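Below is one structure, written out as structure tokens; the observations come after it.
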Amino acid sequence: MNKKTQPWQKGESLFPYVKKNIDVDGFYCGKDLPDRIISSSDPNFSLELGTADAYLSMSSDIDNEKMRDDVYKKIMAFCEDSSAENEAQLYKTVCRCQCISYCETLIDRLAQEELPLKLVHLAENWLYNAPQREAVKFAIIICGIFNLDTMSRSYELDVKKDLMLLALCEEFTFYIIFALDMSNITTDDDLWEIISHTRGWGKIHAMESFTYDTLPKRDWLLSYGSDISVAYPGIALLGIQEGHMLDFLQRPHLGPELYRGILKTLNNYVLFLIDYDSENENDPELPFCDTYTLIKECLRHSVEYNETLEDVILLANLSQELKALAANENWQAISANNCHLLISATEKLIFHKDWLPEINSKLVNEDDSINYLAISFSFAVKVDIRSKLMHLLKENPLRTELYAFLLLTRDQKKFNKVLNFARKHLNIYQNGEHTLDSLLLALSRKNGLGTEFVIAGLTSIYDSPRSYALNVLEGWDEEYITPEIKAALIRAKAMSQHPFLPLRIDALLKKDNLDLSGFISSLNNM
């Protein structure tokens, strides 16, 4: 096989790509990796790096024996005969298998084999040159098997240093920590470096491996451990257990950062409890703690911190989550009576004063932008500020995010009044990339209303409003897809740049389910 036709020579190598996308503060600043320009079926939705692996790792089907056996057989074939053909077959197999689904059991199996050095040469080659993420992950775990320190001495490469750089891209963080563990060279300093320069799943993986053996470390975990960029309520379990939360709560006073961090952690914990199922093997065991006591002790400190919108919105969130827990009747971690006692105590802290004057005074920030925290709080505590919001929208019709709040009503008269105002400015909104977003989100719940906005979204020069418009139509009953909308769908199909959008359009026109084979084929041919 000609070297130029080898699959690991096609496309942009990921290691140098990650290296050039580390910013001056030491964070990876690329949105995705070049092997997956299209990361989802929706141009408005992009999975954060590491998300797919994180969710697979929480699945009961994580240990995929077929994938493991396929990869193992190709490894053994390469070890027996390291021809270019066998290397290509191994590469193709690795690229079509999710490494997270087989890596741990594969390592156990390979530990019983005497592996030749040519396998580590292959891993080194793919680590630095492969253009596919699954191949890089595979290379990382193979490096871990052979021991990173040994590799560094043998090949005059600082493999660990390079892996630590690669760990800043959160698609690879889990595997690098795994490889460091296999080589018995993981240190808290290394993990802290990752924690300090990641925001999402990579930060979570490093935090879960870090040792919280001193008071300052536990203080940090409780203060800032919930500051992550991904939705993962389970992070609360780490703070409660490893942070020794109850010990901190029993202090007479908490500083503001520690208090807010603990309250965020407890918000996450209640969110986690809402759908918790102790019989589901994928759900982790609950921490050995008294949920009622934790929240009650936290509310004792809240008396000091319930005078600002920023603090009270956290209490409002806690109240809403406790109500959701009660509605779900999930009493595995708290009794119904104690849950309702906490709801009452939380609302007493929230409604100790009239918030309307402060909300009205803070709706607009100093830079003339809208303070959406204040608006969200007003809706959470059912303070009516619709007239004020309408005034702000009339003052500047480009404050289109306000539609998300103004159209959130069951009063059809109020809904129509806001929609009529939007119609007067449609000529402005239809030219923007995101100016229709809030309007279209609201229309997905209103069969047949606002068709002109849907048509404007479908025929936009941008894919983003087109996708939002398709979301609306996919939520509407069939009878509301008028001939005018069908004509706009045909135009939208010709204008779409994202390859999945024409399939969604065809499904609407044919009143059928999506046929994904064409989409998958287009991705494979990219």
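Every number in this text was worked out from the coordinates using simple rules, so none of it is lab data. Just so it is clear, the structure is predicted and the values come from calculations on it, not from any experiment. Because the Cβ atoms are built from the backbone with ideal geometry, glycine has one as well, and the counts that use them run over all protein chains shown.
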| said: In the chain, once you exclude exposed chymotrypsin sites (Phe, Trp or Tyr not before Pro) (DSSP loop, at most 10 other Cβ within 10 angstrom), what's the longest stretch remaining? | reply: 46-287
| field | Shape call, the range 3-209: gyration tensor on alpha carbons, a/c limit 1.5 | value | rounded
| field | Taking the convex hull of Cα positions in the range 215-350, its mean projected area over all directions (nm²) | value | 7.8 nm²
| Fewest-first sequence of Leu115, Leu489, Leu436 by Cβ atoms within 10 Å of each Cβ | Leu115, Leu489, Leu436
| CD proxy at 222 nm, helix term only [per DSSP H run n ≥ 4: -39500 (n - 2.57); per residue of the chain; nearest 500] | -17500 deg cm²/dmol
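Label the chain by shape, choosing from rounded, prolate and oblate, from the square roots a ≥ b ≥ c of the eigenvalues of the Cα gyration tensor; if a/c is under 1.5 it is rounded, and otherwise prolate applies when a/b is larger than b/c, oblate when it is not.
The shape class here is oblate.
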| note | Quick P(r) readout (the range 130-289; Cα-Cα; 10 Å bins; whole %) gives 10, 34, 30, 19, 6, 1
| query | Which loop GluC sites (Glu not before Pro) in the range 206-311, with loop taken from DSSP, have no more than 15 other Cβ atoms within 10 angstrom of their Cβ? | reply | Glu279, Glu281, Glu285, Glu304, Glu307
| query | Do you know the relative contact order of the range 3-209, to the nearest whole percent, from alpha carbon pairs under 8 angstrom that are 6+ apart? | reply | 25 percent
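Could you list the square roots of 5 times each eigenvalue of the Cα gyration tensor of the range 425-524, that is, the equivalent ellipsoid semi-axes, sorted largest first and rounded to whole Å?
Result for the range 425-524: semi-axes of 21, 16, 11 Å.
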| note | The exposure ranking of Cys339, Cys103, fewest beta-carbon neighbours within 10 Å first, is Cys339, Cys103
| How do Cys79, Cys99, Cys29 rank when sorted from fewest to most other Cβ atoms within 10 Å of their own Cβ? | Cys29, Cys79, Cys99
| note | Between the alpha carbon centres of the range 321-341 and the range 207-254 the gap in Å comes to 23 Å
